[in-house]
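Note sheet for the following structure.
Every number here is computed from the coordinates shown, using simple stated rules; none is lab data. Not measured: the values here are computed from a predicted model. Glycine also receives a Cβ, built like all others from the backbone with ideal geometry; neighbour counts cover every protein chain displayed.
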Amino acid sequence: MALMYPFHVAQPPLNWSEHLWVSEVSPAKESFITTICEHRQAQWDNQDLLRHLQDSVAILTREDQRHVNAVHAAANMPANP
Amino acid sequence: MPPKKAQTRRIVSLDSLFGHTLLNITGEPVTPTKIAIFQLIRTLFHAHFGVGAVPSLKPFDKDEKTRVFTVLYGLIIMKSEISYDDFRCIVRILNDGLGRSIYYRFVTSMEKLAHGEDQIEMLFEDAFYTAKRPNHEKVLKREDSWLDELTFMNSNSFLYIWIKRVMMQYTRTSQNGTFEIAEKFQKWIISGTLEIISHPILSGINRALPTEIDCSIRARHWCAAQLRLVQLCPTKAMSYFQILDWCDTIHRRHHDVVDVHLLRAAIFVQLKNSSDAVKSLKQFFDMSMLEITENSKHALETLKLMSPSQVALRFGPILQGRVHRIFGERQIASALFAESIQQSQVNVDDMCNRIANMEVTINSIYMSGPLLQRLSGETFAAGKKEEESVENERRVQQNSVHAAVDLNVPTLRSLQKNFREDYELHAFLVSMCKFLLCIQDMMDGKFFKHNSTADYVSVGFHRLRLLLDMNNKGFVLQAFANAIMTSGLIQSGMYHQAKRVAETMIVSNCDAPNSPILETESHAVAGVNLVYSLAAVGDYEKAQKTIDILKNRFPENINWMAARHVDICSKIVNFERNFLLNKYSECSRHLAGLETSAPLEFVLRKSLLLAATGKLAEAVLLLGTYECGDVRGSMRIHMQMATIHTAYGQFETAEIQIQEAGKVAVNAHFLDANLLVVRRVGSLMLGRFMAREAYQVLHALSAKIEHFGSFIEKAIYHVSMARCLRLMHKDPRVHLKQCKAQIIGNKWPAMEKLLLTELTILHHSGGLYPDEQKEMKAKERFGKIEADFPGPCTWMFI
């Protein structure tokens, strides 16, 4: 009874990359990813613009300061009799 | 009491999960030629629109624009680098056709960059994107109306996409990378030749990727293709270490390609590295934890571009449990599959529930690797009963949920997103479950029981016809079923039928344009069963050739799960061949590696070898201490002990063992079980010199022996019948002739010597047919065989 043959059995052919857990990236999703990248790029650019605007608003030169004082002084003159 | 501090909410850091999403996303390395092309495009743009608030006096017309873009496309498509002198020649050619001081402005801007007066800026003005001239300009100049439609750049053109890629690549380069690029660019301009950058850029951030994986889409396609090849035909895939290198490259350069970790896990399974496979699976499910919101309306309402997905909770335990099951860690796998069943029931995922339950079934059937065998400690453990009852309760919950639903038909809830793929997967799972139940019946010896297994097989094969089979799902499962069929036929002694099925599998496994020759484990099993069917009829030369072919097709370092089948088969067939030639040292050598891979086969053959060399006590002890849980294994052990005791003349003990084997054979449904037991009963009676009773028992097997016996069984049967007839003083020559026909070709020299002994006794002067010449010929032939193959015939042990 030793000279008989065993029962060979193969592993079930299960797929490692089933569609349930491997999400398919369609061209629409790919363009969506690219849109996200471009959006972040635009935010990066706008930061520079905002920084520039804040600098121009915050720092006033001497001539601009004098102009503001003149306008303020003109507003405080007494009225005509 | 101080006031309670408000807990800050932890936000998921996307940068820590994916790295920076813009980093290396384009795979377009920044080279001096590309920067020069960019500067040329800016120069041409200024020539068409003007600089700043000053409009251009001569915008391009259609012919000029066509000429410009032809040159630009040619520059972009070309992969190689150009020297600065050659690039200036191209710009000069453009200037000759267009005018507008293009060459002067280009060279001026390049020289400023070379000498550090300007910095590299990969940006355009906003007018580049609006691509239209102001209205007041058209009113003042009174231009023609057809110029309104002529835009400088279309957002759908390849040139625009190329510009976007180069801009993103340069913008997201680090400080050190920017410095290196600027330095290379300056050297390129000043030298005018390609001497400095003649070597390809193979490292760092600007490494040029291979063509197959130089962008995310190609990397995904490459991962899918290699993953399919690794599973179906591993020799056609790239080498495993090259795949791992490319996986590392994709992981560093394309963070959004998460399939690369799944491919890495499959490679580590092939390399027998279970810990790294589990790590890669964890990384895959971590990376795919967040999914992009595809519905733009939902994204705008919730302000979420990404949201967590439940895939990792449900399918993560299945894949990890599968890795543990393949490497023999069945308890851990069982716990993981139970976790997955719970998650699928909580989230009402029918497909995940079905897959997890099928994995539980596989885990309970496959106990000892490549061979179908029930281990001894599994069926009688007390804890196992509780665990099985828990599993049964869990399955009962599943059945109660779908009480009114036919389990063979998918519900609409399980076919959620991808209808066609879900339907194919469901049909695949139903067929797989039927075949697994068929395997379980084979293990319990109920394969040919009426109306149980045949229904499973027919339903399973019927489901396969519903598949479109775009991913070789049906063909692979059909190969699996046919391989199980060949194993079942070998078990039942139907060697010719097994040979035909195996040959059909080999012939139908042909090359096709979409799929190469499959090299799955099922095809290894079919090849191995072909070898067994050849060995069963005594064709050892052809069997050895087939073994060599199988070893070439399934190498150990590429396909180890298939190679272990070939290894076991080679050892078993070589043991059998050498045992019949009485070469016991060779038999011991072939048994060396069989103890771990096939313990039952090792115990049976080791005990046979010990008994044949005179060590009866060791053989009986070895057989007695081995506990076997499946039906055929225990029957074989009882019959082996019976024959060993018969050979040593201990007939009472042999009779007890043969009765135990008979009890098992009555309940089992193996077609050759009755034949094997009764044949050994005849040998037992013959050993006791009960010739008449032995003849009556053996004569009833004359029809079955031709259908279900191997050549060894047939030879032993006929020599037993011949001895019975001789002891009853009748003519035994018909059976001697048939026994001789079985062992033609020097398959069993010891049996041939036994035949010659019978002939000598028959033709002796006091025998049944006295003939001195035939007696002399038999003695001479015996002497020749004895010189080549010494030792007695061990037919009573078999």
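With the biggest extent put first, the Cα atoms of segment B:710-797 measure 32, 27, 21 Å across the principal axes.
With a 10 Å cut-off around each Cβ of B:518-530, the average count of Cβ atoms from other chains is 3. In the structure shown, the pairs B:K473/B:K571; B:K740/B:K784; B:K499/B:K779 are assessed against 28 Å; a Cα-Cα span above that value is assigned to B:K473/B:K571; B:K499/B:K779.
How large is log10 I(q)/I(0) at q = 0.16, 0.21 Å⁻¹ when the Debye formula is applied to the Cα atoms of segment B:631-742, each weighted equally and without solvent? Once normalised to I(0) and log-transformed, intensities are -0.70, -1.16.
Per-residue Karplus couplings for segment B:614-624, computed as 6.51 cos²θ - 1.76 cosθ + 1.60 with θ equal to phi - 60°, are listed in order as x, 9, 5, 5, 5, 5, 5, 5, 5, 6, x Hz, Gly and Pro entered as x. The HN-Hα couplings worked out from phi for segment B:588-601 by the Karplus form 6.51 cos²θ - 1.76 cosθ + 1.60 (θ = phi - 60°) are 5, 5, 6, 7, 4, x, 8, 5, 7, 7, 9, x, 5, 5 Hz, whole numbers, x standing for Gly and Pro. A cut-off under 12 angstrom between Cβ atoms defines the neighbours of B:K784, and their net charge, with Lys, Arg +1 and Asp, Glu -1, is 0.
Along segment B:527-540 the Karplus relation, 6.51 cos²θ - 1.76 cosθ + 1.60 evaluated at θ = phi - 60°, assigns HN-Hα couplings of x, 5, 5, 5, 4, 5, 5, 5, 5, 5, 9, x, 8, 6 Hz to successive residues, with x for each Gly and Pro.
Near the amide H of B:S368, within less than 5 Å, lie the amide hydrogens of B:Q373, all on another chain or at least 5 residues away, with H placed in the peptide plane.
Here are some pairs, B:K434/B:K663; B:K34/B:K187; B:K236/B:K551; B:K583/B:K753; which of them have Cα atoms lying more than 21 Å apart in this structure? It would help to have the intermediate numbers written out before the result.
Working: B:K434/B:K663 29 Å; B:K34/B:K187 15 Å; B:K236/B:K551 16 Å; B:K583/B:K753 16 Å.
Where the Cα-Cα span goes over 21 Å, the pairs concerned are B:K434/B:K663.
Around B:G50, which amide H atoms from residues at least 5 apart in sequence, or from another chain, sit under 5 Å from its own amide H, with H modelled in the peptide plane? Residues meeting the amide H criterion: B:S56.
Using the Cα atoms of segment B:469-582 to build a convex hull, what is its mean projected area in square nanometres? If you can, show how the numbers build up before the last one.
On the way: hull surface 29.0 nm².
Mean projected area of the Cα convex hull: 7.3 nm².
Sorted on the mean count of surrounding Cβ atoms within 10 Å across their residues, most packed first, peptides B:672-678, B:79-85, B:584-590 read B:672-678, B:584-590, B:79-85. For B:M306, nonlocal amide neighbours, meaning residues 5 or more places apart or on other chains whose placed amide H falls under 5 Å from its own, are B:T293. Between B:V666 and B:Q696, the modelled label-to-label distance comes to 1.9 nm, taking each label 7 Å out from Cα in the direction of the beta carbon.
Under the simplified labelling scheme, the B:I517-B:T211 pair shows an inter-label distance of 2.8 nm, with each label point 7 Å from Cα along Cα→Cβ. Here's the picture: charge each Lys and Arg Cβ at +1 and each Asp and Glu Cβ at -1 in segment B:687-798, and of B:H699, B:F689, B:Y769 the one pushed furthest to the positive end of that dipole is B:H699. Only one residue of B:G474, B:A562, B:V501 has its Cα farthest out toward the positive end of the dipole of segment B:469-582, where Lys and Arg carry +1 and Asp and Glu -1 on Cβ, and that residue is B:V501.
Residue ranges B:486-492, B:664-670 sort as B:486-492, B:664-670 when ordered by packing (mean number of other C-beta atoms within 10 Å per residue, highest first).
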